[in-house]
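Peer 1: Okay, handing you the structure first.
Values quoted throughout were computed directly from the atomic coordinates according to the rules given, and no laboratory measurement underlies them. What you see is a predicted model; the values in this text were computed from it and never measured. Neighbour counts run over all protein chains shown; Cβ positions are idealised from the backbone, glycine included.
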Amino acid sequence: MQNPLVLVPGRPWSTIVLQATVIGLSVWLLALQSSPLWATVLLSLSLALLAVRLIALIAIPTTGPSSLTTGNPDPRLRRWEVLMAAAAGAAALLASASSGATNGIGTFPAAVAAAILLSEIAAPIGAALAVCGAAILLHCLGAGFAGASISQLVNTLFGLGIGIAAGLGWRQRAATARDRARAAERELALRDEARKRSLARDLHDVLAHSLGSLVVQLDAVALQIEAGRIEAAGERVAAARELAVEGLREARAAVHALREGNDEAPVPWPILRDRIGSIASAVGGDLEAVLPEGVELRAKTVSAASAMAIERAAQEGLANARKHGGGTTRLLLEPGTDTVRLRVENALAQGGHVTEIPGGGFGLRGLRERVLSLGPPAAMEAGEHAFDDESGLRLRRFVLSVTVPFLGAAA
C-alpha cells in the first residue's frame, strides 16, 4: 500500500485548487490588458514561482509526515519545506511590486503567496512577517510609481491583508497539528516504556518465584538422597518439574499479555483464594496459610490486575521468606468490606541456615509499582517489625502487606 500524498501540513486539496485558480485567473487578466513591460515580467516571474512550487508539491509526494510535525524531523524534508517557503516569499514580493502597474492583478498572487508563506511553519514567523511587511511597502511604492488612486491602493492592501490573515490562521492550524502529533509520539513512547517495564516486572516475578521454589525443592532432593529416601526424592523431583512447567506457562502468559493486551475478566473470590492456596502449596515447608472461605465472600470479585498484584505479592513474600527467613512463615488473606489484604510474615534468620537465592530488591520495587498503578485504595507496606515473644526474647519479623479493592467498592 502506497503512502498517502502529503502536500503541505494542515491544508486540504481545496487550497491547492485555490492556488491553481488564482494563477490561471492572473494569467488570463494579464493577457487581456496592456501593462508596462517591467510589471509584466515581475508578475510573470511571481506566477512562475507559484506554478513551479504547486507542481512540485503535487508531483513529488513525501514519504511520511512533515518534518516539523514529529519529534524526529527528516533533514531532507525540512530543507524541501524551507525551499518551498522561500519560493512563496519571493513570489509575494514580486507580485506586490507589480500590483500598482497591473491595475491590481498582482494583488491576487501576492495575497496567496503571503498566505502560503505564513502558513509554512518551516519559515520562522518573524521572517515571514518581515516579508509580508516588505510586500505591503512594495504595494505602496508600486501604486505611487504607477500613479494609482488612493482607493485602488486601499483595495489592493485590503486584498493582501485577507491573504495575510488567512495565512496566520493556516499557520495556527498547522502548529496545532504539529503539537498534537508530537504529543501523540510522546504518549506512544511512554506507553512503550510502560509495557517494557511491565514485561520486566512480570518476568522477574515469575522467575523469582519459580526458580526460587526450584532451589528449595532441589535442596530437599539432595537431603532426601543423602538420607537414602529415594522415593521421597523422586516426589520432590516431580514437584520441581511441576514448578518449572508452571513457571514457563506464567512467563509465556506475561509475554502474551504484553503483546496482545490484557483484557481478562474479573476474578471471583473463590478463584483468587485457590490461586493463593496453589502458590502456598507449591512452596511447602514450614508455612502457615490462613485462607478464609465464607459464603458471604463468594459474590465478591477483584479486577484481573488486582488479582495479579495479590498473587505476585504472595510469590514475592514467600520468596523473600526463603531467602531471609528463619522459622515459620505465615501467609494470611484478609478480606474486608471493600478491600482484601494479603500479608506474608516471617521471622528473620538468627544466624541459622538461609537458602542463598540471589536478589537485589527488584521484586519489592516492581511489586510496589504494580500495586500503586492500581490507584487508591490499593496500598503496599514492607518492612521489619520488632516484637517480644512470650519469654521476653526480642525478635524481628519481616512483614509484606498488599491491599487491593474489591470491584464495586467505593474508592
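Peer 1: For Val340, which sequence-distant residues (separation of 5 or more, or a different chain) have an amide H within less than 5 Å of its own amide H, given hydrogens modelled in the peptide plane?
Peer 2: Distant-sequence amide H within range of Val340: Val404, Phe406.
Peer 1: Would you give the gap between the C-alpha center of the stretch 24-55 and the C-alpha center of the stretch 138-208, rounded to a whole Å?
Peer 2: First find each Cα centre; the distance between them is then 30 Å.
Peer 1: In whole Hz, what ³J(HN,Hα) sequence does the stretch 17-30 give by Karplus (6.51, -1.76, 1.60; θ = phi - 60°), x for Gly and Pro?
Peer 2: Computed from phi, the couplings for the stretch 17-30 are 5, 4, 4, 4, 5, 5, 5, x, 5, 5, 4, 5, 5, 5 Hz.
Peer 1: Kindly state, to the nearest 0.05, the FRET efficiency for Ser14 paired with Trp38, given R0 = 35 Å and r defined as their beta-carbon distance.
Peer 2: 0.55
Peer 1: Got a sec? How would Phe406, Phe158 order by Cβ neighbour count within 10 Å, fewest to most?
Peer 2: So the residues, fewest neighbours to most, are Phe158, Phe406.
Peer 1: Binned at 10 Å from 0, what are the whole-percent values of the Cα-Cα distance distribution for the stretch 13-188, short to long?
Peer 2: 10, 37, 32, 14, 5, 1, 0
Peer 1: Which residues' amide hydrogens lie under 5 Å from the amide hydrogen of Ala289, considering only partners 5 or more residues apart or on another chain, with H built in the peptide plane?
Peer 2: Leu331
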